[in-house]
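Report on the following structure.
The values are calculated or read from the model by the stated rules, or taken from the named source; none is laboratory data. Computed from a prediction, not measured in an experiment: that's the story for all the values here. Glycine also receives a Cβ, built like all others from the backbone with ideal geometry; neighbour counts cover every protein chain displayed.
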Amino acid sequence: MPEAPKRTGPVARLAQRLRSRRYVVRDDSMRPAFVPGDRLYVDPRPRAGVALGDVVVLRDPERRGAWLLKRVVELASGPGPAAVVVRGDNGERSHDSRHFGPRPPGEIVGVVWFRYAPEARRGPIARLPLK
């Protein structure tokens, strides 16, 4: 069966925006890329799944009901990622996998794809290439 064509352009962007969740940055753990007050769209169903370098929102394993903003730095192998290792860009201020270990993929809320505020920092969020 032929693969379905990938949707791109304004219609695909609108669909992504409609299914997105919103997240407000509250701490310094991802400085300088993200600062407190940044408002982000998070795609709960990224087309390509979670990949190295993606910025993700995940459930905080130590505080019920809290979310964390981190970068994916390692994917454990297996059929699909068996575990995701996340780190903050600001290592001195980040509570991440160095403290709570690798996380199961089910704890990932979604992948950040767009900063919608503040206006001066508005724009798409690119995956950071990691080796």
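A few notes on this one:
- For segment 89-108, a residue qualifies if it is in contact with a helix residue (DSSP H, G or I) (Cβ under 9 Å, 6 or more places away or on another chain) and outside any strand (DSSP E or B), and the qualifying residues are GLY91, ARG98.
- All positions within segment 76-102 that are under 26 Å from GLN16 (Cβ atoms), buried (at least 20 other Cβ atoms within 10 Å of the Cβ) and modelled with pLDDT of 95 or more: VAL86, GLY88
- Selection status of ARG31, surrounded by 13 or more Cβ atoms within 10 Å (Cβ to Cβ), modelled with pLDDT under 70 and charged (D, E, K, R): no
- From VAL56, VAL111, VAL50, VAL86, residue being out of contact with any Asp or Glu (no Cβ under 6 Å at 6 or more places or on another chain), assigned to a strand (DSSP E or B) and either within 14 Å of SER29 (Cβ to Cβ) or touching a residue at least 12 places away in the same chain (Cβ under 8 Å) (or both): VAL56
- Residue list for segment 105-131, restricted to those being over 17 Å from GLY37 (Cα atoms) and loosely packed, with under 14 Cβ neighbours inside 10 Å: GLY106, ALA126, PRO129, LEU130, LYS131
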